[in-house]
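These notes are about the structure you will find just below.
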Amino acid sequence: MNSNGRPTGTFIATKEHRRFVEFASAVRKHRYIGLCYGAAGVGKTLSARRYAHWDLAEPLLEDRRRRDPGDADIRAALARSRTAFYTPAIFATVRDLRINLTARIGHVELDIDEHLHRDEKGWIVDSDGLVEMLIFDEAERLSLTALEFIRDIFDRTGVGVILIGMPGMEKRLSRYPQFYSRVGFAHQYRPLAGDELSFVLTRHWRSLGLDLDEADFTDTQAIATIARITGGNFRLLQRLFVQIDRILKINDLSVVTEEVVAATRTALVVGVT
Ligand SMILES: Nc1ncnc2c1ncn2[C@@H]1O[C@H](COP(=O)(O)OP(=O)(O)OP(=O)(O)O)[C@@H](O)[C@H]1O
Ligand SMILES: [Mg+2]
């Protein structure tokens, strides 16, 4: 389950995820501002949350009074990633951002500090600077003033910054030269393709209790159709397979044919490019 309570299934460490990890590590190491852009549903948010260990950390950060035996491991994970993940709320003011982001960074720093000095008494020494990177998801929501605020944090503290958004984000940002001139990297997050798409499809196939045989013409044809419809987009694949499962069950079928795939298509809103 993710923070929205939606089931997310098993995370697949794809090549794109590994590329994202490399990109994030470089931004963190060199303390740049990095932009990560890619179509809706390709997996940007999941990769970033994974990098920041955010599925683990979020419950701890949201409930500062909780005491759980697993908390020490979460603090250790935060001490490894040194990253705070932040999703700006829609219509949030800069004041909201300032308050929430400052609190978020402060909490992550305290947790890292607690991990680093866990054997000492009175471990809160000076936790400033323990966070080395900030990741902003849904960066389109940031106003010009919010970007100014982030630039100020970047300049003052030397923290690395990643903004995640849709293609076109870099164009919008280029209208703000002071921010844009500090951007060191732009990273495109791409959809699944080739062998990797087949790998993910095979997993989906198995989750339906079926086997995929690439030497079988019907399977190969169905795969080609799915690849074409989804363009290797993770979210679309997920949805398509929910529909395939439904149609197989209703019609008491056990083979995913091109026709089955075509039938699911009508139930999907495929508007993603
Ligand atoms: N590495 C992965 N392993 C397993 N499932 C994944 C992976 N990446 C993405 N998914 C699936 O695809 C869905 C969409 O991923 P995600 O929310 O990260 O996309 P996004 O690029 O952030 O999209 P948006 O631009 O709309 O925010 C996830 O909910 C999940 O079901
Ligand atoms: Mg996202």
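No value in this document is a laboratory result; all are computed from the given coordinates. Not measured: the values here are computed from a predicted model. Cβ coordinates were reconstructed from backbone atoms using ideal geometry, including for glycine residues, and neighbour counts include every protein chain displayed.
Amide H contacts of Ile135 (H built 1.01 Å from N, in plane; Pro and chain starts excluded): Ala84, Phe85, Tyr86, Ile162 sit under 5 Å, all sequence-distant by 5 or more or on other chains.
Neighbours of Gln243 by Cβ distance under 14 Å: Lys/Arg scored +1, Asp/Glu scored -1, total +3. For Lys15, the aspartates and glutamates whose Cα comes closer than 15 Å to its Cα, not counting residues fewer than 8 places off in the same chain, are Asp195, Glu196. Once backbone amide H atoms are built at 1.01 Å from N, Ile33 has Val161, Gly184, Phe185 as its partners under 5 Å, excluding neighbours fewer than 5 places away on the same chain.
What you get for the chain, charging only the Cβ of Lys and Arg (+1) and of Asp and Glu (-1), is a dipole of about 760 debye around the Cα centre.
Near Arg182: Cβ cut-off under 12 Å, other residues only, Lys/Arg at +1 and Asp/Glu at -1. The net charge is -1.
Using just the helices of the chain, give the 222 nm mean residue ellipticity in deg cm²/dmol: DSSP H runs with n ≥ 4 each add -39,500 (n - 2.57), and the total is spread over all residues, rounded to 500.
Estimated from H runs of four or more residues: -16000 deg cm²/dmol.
The phi torsions of region 128-133, fed into the Karplus equation with coefficients 6.51, -1.76 and 1.60 and a -60° offset, translate into couplings of 4, x, 6, 8, 9, 8 Hz, rounded to whole numbers, with Gly and Pro shown as x.
Just order 38-51, 214-227, 100-113 by mean Cβ neighbour count inside 10 Å, highest at the front, would you? Mind showing how you got there, number by number?
On the way: 38-51: 20.9, 214-227: 15.9, 100-113: 18.4.
Most protected by this proxy first, the peptides run 38-51, 100-113, 214-227.
If R₀ is 41 angstrom, what is the calculated FRET efficiency for the pair Glu148 and Ala215, using the beta carbon separation as r and rounding to 0.05?
Details: r = 58 Å, r/R0 = 1.42.
After rounding, the FRET efficiency stands at 0.10.
Only aspartates and glutamates eight or more places from Lys249 in sequence, or on another chain, were considered; those with a Cα closer than 19 Å are Asp211, Asp219, Glu258, Glu259.
Using just the C-alpha positions of the chain as equal point scatterers, what log10 of I(q)/I(0) does the Debye formula give at each q in 0.08 1/Å? For the chain, the Cα-only Debye profile gives -0.41. When the alpha carbon gyration tensor of region 174-273 is reduced to an equivalent ellipsoid, the three semi-axes, largest first, read 35, 15, 10 Å.
Just to be sure I understand the rule: take each whole DSSP H helix in the chain, project its Cα atoms onto its long axis, keep it if the span is 27 Å or more and its mean Kyte-Doolittle hydropathy is at least -0.5. Which ones pass? Intermediate results must be reported in sequence, preceding the final value.
On the way: long enough: 94-116 (32 Å, -0.13).
Going by DSSP H runs, the hits are 94-116.
What's the exposure ranking of Thr83, Thr202, going from fewest to most Cβ atoms within 10 Å? Don't skip to the answer; put the middle values down first.
Details: Thr83 24, Thr202 17.
Neighbour counts put them in this order, fewest first: Thr202, Thr83.
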